[in-house]
Amino acid sequence: MISIEEPFHKYKDAVYRLALSYTKSPAEAEDVCQSVFLKMMEQRCIAPGKEKAWLLQTTANTCRNLLRSSWWRKTDALDDGIPADISPEYADVYQAVMALEPKYRVVIYLRYYEEFSTKEIAQLLHISQSAVTTRLSRGREMLKTTLKEGYL
Amino acid sequence: MNNLTNFFDSVHMPKECEDRILNTISTPRRKFRPSAAVAAVVALVLVLGMSPTVRAAVEDWITTRFPGLDLTIQQRTTEEGIEEIIVSIDTEAPTFAYTENGRLYFTGNGENLDITDEITEEKPYFYTCEDDRGYEIYFVVGYDGTIENFGTYEFIRKDGQWFTGSGRNFLSSQVEGQAYPWVKVVWDTLNIPWPMPR
């Protein structure tokens with residue numbers, strides 16, 4: 001098994017944000033995070049310098065499997081409301097971002113926060129680069145309609 | 001996007017979640033808890049010919065999942081050494097290859113490599129890595145000439161001895177029960193000691 005305490009402290013928020021972007025539910029995102037770091041602990045080898053990519057890739061895979069599961073489809077996305085630790089000044093942004101479909105939310109997070117290139121996002125999400133560009137464009141348009149100009 | 005960035009900046013893993021995960025990953029040995037995702041359990045008698053009894057709630061089980069995500073090994077160790085080993089094949093887990101736009105990609109070990117031009121019907125793609133305890137993991141991706149119909153194999157070897165292996169989609173749908181040509185190449189190339197599937 002590999003040591004994961006260092007990557008955990010370094011990337012826990014990135015994993016959580018991506019999981020939350022997919023699931024929209026803080027409780028589900030926490031479960032995904034736990035599952036992802038357990039998988040990392042049980043890995044035999046991860047190429048040096050690729051820990052973050054591995055974590056985000058595994059998070060995306062885990063979330064996609066969750067969203068495809070019959071359990072999830074039956075219950076639909078859980079809406080746990082705004083997490084307690086979100087500052088009130090970002091409540092509108094939180095609601096606007098979470099109102100997006102996961103496929104738009106995820107690419108917006110990866111592009112504008114994690115600053116991945118569209119090519120890297122395509123590889124991470126197993127979709128084409130043009131699909132990334134389209135989702136970014138549509139996601140931005142949707143956010144523009146609900147948020148003040150200054151946010152975009 | 002500054003405000004959007006600031007917003008994402010304000011999202012953090014909750015402290016109680018962080019503590020729970022830290023507590024879990026700081027514990028080197030965990031109880032064996034059967035996963036609902038484990039679709040098939042194959043018990044192998046690897047050590048001392050002991051009975052491969054599946055015990056669902058025993059202390060001292062160590063669970064190890066290998067990078068291809070197909071294989072999980074649970075082993076119980078006592079003062080006498082390793083007593084039981086259970087190899088689980090998780091058929092629900094995503095495998096380490098996928099296709100997109102007519103291209104075939106390998107994703108084991110955190111990679112994302114376009115291997116389309118590196119394989120033919122009789123030339124599978126091989127990838128190997130080794131962990132810090134000397135386990136060698138061999139990934140193989142092969143296909144029958146149709147990219148979408150790819151198959152995979154994952155083997156584990158230690159100290160020169162093959163430990164176990166797991167494969168998906170290696171039997172031909174054209175000739176019932178017969179392995180694809182790329183599988184024979186795998187067996188010949190790696191000198192696998194077990195009978196080839198057929």
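Quick note: the coordinates plus some simple rules give every number you see, no bench work behind them. These numbers were taken from a predicted model, which means no experiment stands behind them.
Some points to look at:
- Pairs spanning more than 20 Å between alpha-carbon atoms, out of B:Lys158/B:Lys184; A:Lys12/A:Lys144; A:Lys12/A:Lys52; A:Lys103/B:Lys15; A:Lys10/A:Lys50: B:Lys158/B:Lys184; A:Lys12/A:Lys144; A:Lys103/B:Lys15.
- Gyration tensor over alpha-carbon atoms, region A:83-152, equivalent ellipsoid semi-axes in Å: 23, 13, 10
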